[in-house]
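Below is one structure, written out as structure tokens; comments come after it.
The values are calculated or read from the model by the stated rules, or taken from the named source; none is laboratory data. From a predicted model like this one, the values you see are computed outputs, not experimental measurements. Counting neighbours? That spans all protein chains shown, and the Cβs are built from the backbone with ideal geometry, glycine included. These area figures cover heavy atoms from the full protein model, side chains too; ligands, DNA and RNA do not enter into them. Shrake-Rupley method; radii C 1.70, N 1.55, O 1.52, S 1.80 Å.
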Amino acid sequence: MRDQLELLWQLQVVEEQCRAIACRRESIKADKVRQLWQEIQLLSQNLSADKEKLECQRRVCAALESDLTKLIRQLCLLEERLYKNSSGSVRELEQLRIKQESLQREIHDREEEIFQLLENCEQLAERIANQETDLQNKKQRHSIGQRQIAQTVAKLDGEERGLREQQKSLRCRIDAGLLATYQTLNAKLAMPVAKVSQGVCSGCRRSIPTCQTCTRPGEIQFCDNCGRILFLE
Ligand SMILES: [Zn+2]
């Protein structure tokens, strides 16, 4: 009986270790890695939208610049006519001057617009560069996190495999009746096998009467208080 109880005690230790592995599995910090992945997705979307916006602004800017070149050319031609046409009628000269002023205003406005747009493009390009750095950092952290989780899971899997093999082998060596009693108790009590050390039950810390531990050595002994199977050292 003592050998059987020794095996049962070992089985209880192995099963406790299996439960500890399950707890360690649950405590793996996968949430952080998942959150990082969501941030990467969002950042990628923003980045792509900003790149598109920058491209569009640059196209508008190029169109405005070409427009400006045309306006400047028009002004040059007009001024040429104006200065060469000093002998023209007053009315004609007046009209040319009005057109000249209007063109100058238009050129000024266009230049302001281009200047503003170039400034926006510069700010956007800077934001894109910052986002790209941020994205790279996040991707790197995500990949490290994923690797660490995979390593931890693989380690836990290995440990659990070893423990399950020990559990299986112990169960084969334990008497079926004793194993059934253990399993029944296990369903309602944590650690259903208690060691008796210096006459005290390790499960509930109560004293075990000496008559109980000495008189019936061949039978399974239970703690009168907590009901655990007693294993006398
Ligand atoms: Zn007890």
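Using amide H atoms built in the peptide plane, which far-off residues or other-chain residues are under 5 Å from residue 221 H to H?
Hits under the 5 Å cutoff: 230.
Counting C-alpha atoms alone, how compact is region 40-100: give Rg to one decimal and Dmax as a whole number, in angstrom.
Expressed in Å, the Cα Rg and Dmax of region 40-100 come to 22.2, 71.
Can you tell me the orientation of helix 176-188 relative to the chain, as the angle in degrees between its alpha-carbon axis and the longest Cα principal axis, to the nearest 10?
Between the helix axis and the principal axis of the chain, the angle is about 50 degrees.
Relative contact order for the chain: what is it in percent, counting Cα pairs under 8 Å that are at least 6 residues apart? Don't skip to the answer; put the middle values down first.
Numbers: 163 pairs, mean separation 72.2, N = 233.
Relative contact order comes out at 31 percent.
Given a 10 angstrom Cα cut-off, can you work out which residue in 92, 65, 132 is the most mobile in a GNM of the chain?
Comparing 92, 65, 132 in a Gaussian network model of the chain, the most mobile one is 92.
Springs between alpha-carbon atoms under 10 Å, Gaussian network over the chain: tell me which of 103, 36, 156 tops the mean-square fluctuations.
Most flexible of the set in this elastic network: 103.
Using only the alpha carbons, work out the radius of gyration and Dmax of the chain in angstrom.
Expressed in Å, the Cα Rg and Dmax of the chain come to 43.1, 141.
Considering only protein heavy atoms and a 1.4 Å probe, what is the carbon-and-sulfur percentage of the accessible area of the chain? Can you show the working numbers first?
Numbers: 8000 of 15700 Å².
For the chain, the apolar C and S fraction of the accessible surface comes to 51 percent.
If you filter region 176-205 for trypsin sites (Lys or Arg not before Pro), then keep DSSP loop positions with at most 16 other Cβ within 10 Å, what is left? Could you put the intermediate results ahead of the total?
Numbers: sites: 188, 195, 205; in loops: 205.
Sparse-neighbourhood loop trypsin sites (Lys or Arg not before Pro): 205.
Find the accessible area per residue for region 2-174; the probe is 1.4 Å, ligands and nucleic acids are left out, and the unit is Å².
Numbers: 12230 Å² over 173 residues.
On a per-residue basis, region 2-174 sits at 71 Å².
With each run of n ≥ 4 DSSP H residues scored as -39500 (n - 2.57), what mean residue ellipticity at 222 nm is computed for the chain after dividing by its residue count and rounding to the nearest 500 deg cm²/dmol?
Details: 5 runs with 183 residues, N = 233.
So the calculated ellipticity at 222 nm is -29000 deg cm²/dmol.
What does the C-alpha gyration tensor say about the overall shape of region 180-232? Classify as rounded when a/c is under 1.5, otherwise prolate if a/b is larger than b/c, or oblate. Display every interim value, and only then the final one.
On the way: a/c = 2.33, a/b = 1.40, b/c = 1.67.
Verdict is oblate for region 180-232.
Can you check what the net charge comes to around residue 163, using other residues whose Cβ is under 12 Å from the Cβ of residue 163 (Lys, Arg +1; Asp, Glu -1)? Write out the running numbers ahead of the final one.
Details: positive: 19, 161, 164, 168; negative: 15, 16, 157, 159, 160, 165.
Net charge around residue 163: -2.
Per residue, how much space in cubic angstrom lies within the convex hull of the C-alpha atoms of region 62-145? List each step's numbers first, then the result.
Details: hull volume 5.8 nm³, N = 84.
Enclosed volume per residue, from the Cα hull, is 70 Å³.
May I ask you to list the lysines whose Cα is less than 20 Å away from that of residue 84, ignoring any residue fewer than eight positions away on the same chain?
Straight-line reach from residue 84, under 20 Å: 99.
Whole-Hz ³J(HN,Hα) for each residue in region 98-114, computed from phi via Karplus 6.51 cos²θ - 1.76 cosθ + 1.60 with θ = phi - 60°, x for glycine and proline: what do you get?
4, 5, 4, 4, 4, 5, 4, 5, 4, 4, 4, 4, 4, 5, 4, 4, 5
For residue 51, go through the lysines and keep the ones whose alpha-carbon is under 27 Å away, minus same-chain ones fewer than eight residues off.
138, 139
Which of the trypsin sites (Lys or Arg not before Pro) found in region 1-54 are loop residues per DSSP with 16 or fewer other Cβ atoms within 10 Å of their Cβ? Provide the component values of the computation, followed by the final result.
On the way: sites: 2, 19, 24, 25, 29, 32, 34, 51, 53; in loops: 29.
Answer by residue number: 29.
Between the alpha-carbon centers of region 168-226 and region 36-65, tell me the distance in whole angstrom.
Comparing the Cα centres of region 168-226 and region 36-65, I get a distance of 71 Å.
Test of understanding: extend the Cα→C-beta vector of residue 161 to 7 Å, then name every residue of region 1-31 with backbone N under 18 Å from that spot.
Once the point is set 7 Å along Cα→Cβ of residue 161, 18, 21-22, 25 turn out to lie under 18 Å by backbone N, inside region 1-31.
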